[in-house]
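Engineer: Pasting a structure here, questions to come.
The values are calculated or read from the model by the stated rules, or taken from the named source; none is laboratory data. What you see is a predicted model; the values in this text were computed from it and never measured. All Cβ positions, glycine included, derive from the backbone under ideal geometry; neighbour counts span all protein chains shown. We work out accessible area using only protein heavy atoms, side chains counted, and drop any ligands, DNA or RNA first. Shrake-Rupley method; radii C 1.70, N 1.55, O 1.52, S 1.80 Å.
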Amino acid sequence: MGSDGQNWYLGLTYDQWVPLSVSGPTPAARYKHAAVTVDGKLYIIGGSRNGRYLSDIQVFDLKSLTWSTIKLNSGVLPATSGHNMTLWENKLLFLAGHSKDVSDTVTVRFIDLQSYECGVIETFGKLPVINPPLRFHSFPFIASFVGQFLNSNAPVARGGQSVTLFGSKLIMFGGEDQHRRLLNDISVLDLETMTWSTVETTQTSPAPRFDHTAALHADRYLLILGGCSHSIFFNDLHVLDLETMEWSQPQLQGDLVSPRAGHAGVTIGDNWYIVGGGDNKSGVPETLMLNMSKLVVSVLATVKGRDPLASEGLSVSSASLDGESFLVAFGGYNGKYNNEVYVMRPKPRDVLHPKILQSPAAEAAAASVRAAYALTKPEKLDLSEREDTSFKEVHVDSTQQNLLAEISALGEQKKVLESSLADVRAENVDLKNKIEDVNNTHADLSKELQSVQGQLISERSRCAKLEAQIAELKKMLESMQSIEEEVQALRKEKSEFERDMERVSSVQKQGSGGAWKWITG
C-alpha cells in the first residue's frame, strides 16, 4: 500500500497483513537478522544471505516509510547471524549469534542510539564464595584463578538461541554452539552488574533445540515454543515458572500448531503473536495468536505458500503508533531472500488477569509422560529479588470454596492424565508389536536379498562367459570375411580362365575347319 500521509496505519483492516510501499532504496534481502522497534523506527542488524554474514545497520521509519543506514562513529560491528537484540537504557544490546569472529563464550555488544558508538560490554560469571574474604591484589595467583573462573562461568558461544527481557535480566535458552552441539540450558545476564548466572531447574526440561521462540507472561512464566534439532521440528510448548524454577508442558487448546523452526514471535498484553517458520521443505502460512492466560491458539491470518510471511528466519516486532499497537515483519527465506516490510493492526482483545498456568501437582503428573531430558546446573538462581520493579506477585484466592474447586480441578486433571498415560502405554505396546513385525520382515527380506545376490553373482559369471564367446565369434566372423574375399577373387580368376579357354577352343575350331575345306577342294 502507499503512504497517504503519516497516519496511513489508521485505515488498516484488523488482523490482516499489508505490504508497505517503500520510498527510496531498500536494504539487501536477508534472514536470521535481529530486529527491534524504538520510537516508531524499526532497527535491523546483520543477518545472512547466500551463506554470507551481514554487518549493516538499517532503520525503517514507520511514519515516512523510508529506509536509512546508520554509520557508526566508533567501534566495529562484526558480521553476525542468528543473534538477538533488545533495548536497554537507550542502547541496543545484541548478543550471541554466529560470526567469523570465533569466541568461546557469548559476546555482548552495544550500539548507543544517541552517539552511534559501538563496542563490546565486558561480562562476568558470578563470583565463587570465599571465606574468609581475601584481597586479590595481595595474592596474584588468586586473582588469576578468579579471572579464569569468571570467564569459564560465562555461557558457551552459540546461535539460534532465544533471549527474553525479565526486569533487568536477560534470560537465554538453548541454541546451537559452534561445534553444532544442541543446547537446552538456562543462563541469566544481570544487566545491572553484567554478570552471568546459570540456573538449576526441576521437572523435565525441553529437548535441546535452536531457532525456537520465547515469551514472558505475567512477569513469572517463560514460554518456549517450537524450534528444531538436526532432524526433528518441534511444535511443543514448554513453560518455566521463574519463581519455582519448575518446567511444565501444558496442553494447548484451539487450532493446531504445526512443527516449525525459524519462526518469530512478539507479545502484546496476554497475547503472543507467532509468524512464519518452516521445516526446510515449506513455510508455515498461518499467523497464530496464543492467549497465554487461557493457552488457546487461534489462526489470525493465512498467506500463500510462497509469501514472504511464510518464511524461516524472518523477524516480527511490535510498534506503538499514536497509542495503538502494530506488528511489523521483515525479511526471511522461503526459497528466496526477502526484504519486504509487512504490518498488521491486531484487533484489541480483552485483557485478562494473569493466572497460574498449572499447579505443581499437575506439572509433576504431566512430567511423568514426557521424555526425560535432565538438566543439572551448579547453582540455584534467586529470581525473587524485589529490586526488579517489573516483578509482580501472583495472588491466589485461598478461600475454602476456591480450594475445593482447585482440588476438584486437580482430580479431573489427574483422571485426564491417567487416561492419557494409559493411551500412551497402549500405543507403546502397539509400537513394540509393529517394531517386532518390522524386524521379522527385515530378517525375511535380508534372506531374500542374500539369495538374490547369489543369483546375481551366477548371472554375472554366465554373462562374462557369453561375452567371451561373443568376442571369439566376432574374431571368427572377421576371419571369415577375409576368406570370403579370397574366394571371390579365386572365383573371378576362374571365370577369366574359363573365358580364355573358350576363346582358345574357338580359335582352334576355326583353324581346323579351313584346312579341311582346302583339302576337299
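Engineer: Work out how far the C-alpha atoms of segment 187-334 reach from end to end along every principal axis, then list the three figures in whole Å, largest first.
Structural biologist: 44, 43, 32
Engineer: In vacuo Debye scattering of segment 175-260, one point per C-alpha: log10 I(q)/I(0) at q = 0.15, 0.16, 0.17, 0.22 Å⁻¹?
Structural biologist: Debye output, listed in q order: -0.62, -0.70, -0.79, -1.21.
Engineer: Please give the solvent-accessible surface of GLU89 in Å², to the nearest 10, using a probe radius of 1.4 Å with every protein chain present.
Structural biologist: Roughly 130 Å² of GLU89 is accessible to a 1.4 Å probe.
Engineer: How much accessible area does GLU246 have with a 1.4 Å probe, in Å² rounded to the nearest 10?
Structural biologist: In the full protein context, GLU246 sits at about 40 Å².
Engineer: Another one. Put VAL239, VAL299, VAL120 in order of accessible area, largest first, 1.4 Å probe: what do you get?
Structural biologist: Sorted by accessible area, descending: VAL120, VAL299, VAL239.
Engineer: Can you give the extra length, in nm with one decimal, that the chain gains between SER103 and THR441 once fully stretched, where that is 0.36 nm per residue apart less the Cα-Cα distance?
Structural biologist: So the chain would gain 116.7 nm between SER103 and THR441.
Engineer: Taking amide H atoms as placed 1.01 Å from N in the peptide plane, list the residues 5 or more away in sequence, or in a different chain, whose amide H sits under 5 Å from that of LEU321.
Structural biologist: PHE326
Engineer: Can you sort CYS118, CYS463 by solvent-accessible area, 1.4 Å probe, largest first?
Structural biologist: Sorted by accessible area, descending: CYS463, CYS118.
Engineer: If you wrap a convex hull around the alpha carbons of segment 211-282, what volume per residue comes out, as a whole number of Å³?
Structural biologist: Given the Cα convex hull of segment 211-282, per-residue volume reads 95 Å³.
Engineer: Over the C-alpha atoms of segment 33-127, what are the Rg and the largest Cα-to-Cα span, Dmax, in Å?
Structural biologist: Using the Cα atoms of segment 33-127, the pair Rg, Dmax is 13.5, 49 Å.
Engineer: Then there's this: Want the number for SER461 to VAL296: 0.36 nm per residue separation, take away the alpha-carbon distance, what's left?
Structural biologist: Here the segment from SER461 to VAL296 would lengthen by 52.6 nm.
Engineer: Related question: How many angstrom lie between the C-alpha centres of segment 21-65 and segment 83-104?
Structural biologist: 16 Å
Engineer: If R₀ is 22 angstrom, what is the calculated FRET efficiency for the pair ASP279 and ARG180, using the beta carbon separation as r and rounding to 0.05?
Structural biologist: 0.75
Engineer: Using heavy-atom solvent-accessible surface (probe 1.4 Å) with all chains present, what is the largest-first order of MET344, MET194, MET480?
Structural biologist: Sorted by accessible area, descending: MET480, MET194, MET344.
Engineer: Using modelled amide H (1.01 Å from N, peptide plane; none on Pro or chain starts), what sits under 5 Å from the amide H of ASN84, excluding residues fewer than 5 places away?
Structural biologist: LEU95
Engineer: Also, I was wondering about something else. Distance between the C-alpha centers of segment 189-207 and segment 426-488? Whole Å please.
Structural biologist: Using only Cα atoms, the two centres lie 62 Å from each other.
Engineer: How are the alpha carbon pair distances in segment 263-327 distributed across 10 Å bins from zero to the largest one, expressed in percent?
Structural biologist: 22, 48, 27, 3
Engineer: Where the only charges are on Cβ atoms (+1 Lys, Arg; -1 Asp, Glu), what is the dipole of segment 411-472 about its Cα centre, to the nearest 20 debye?
Structural biologist: Roughly 140 debye, rounded to the nearest 20.
Engineer: Distance check, please: which entries in LYS294/LYS415; LYS41/LYS294; LYS281/LYS347; LYS63/LYS91; LYS71/LYS100 exceed 27 angstrom between their Cα atoms?
Structural biologist: Checking Cα-Cα distances, LYS41/LYS294; LYS281/LYS347 exceed 27 Å.
Engineer: SER103 accessible area, nearest 10 Å², 1.4 Å probe?
Structural biologist: Near enough 40 Å² of accessible area.
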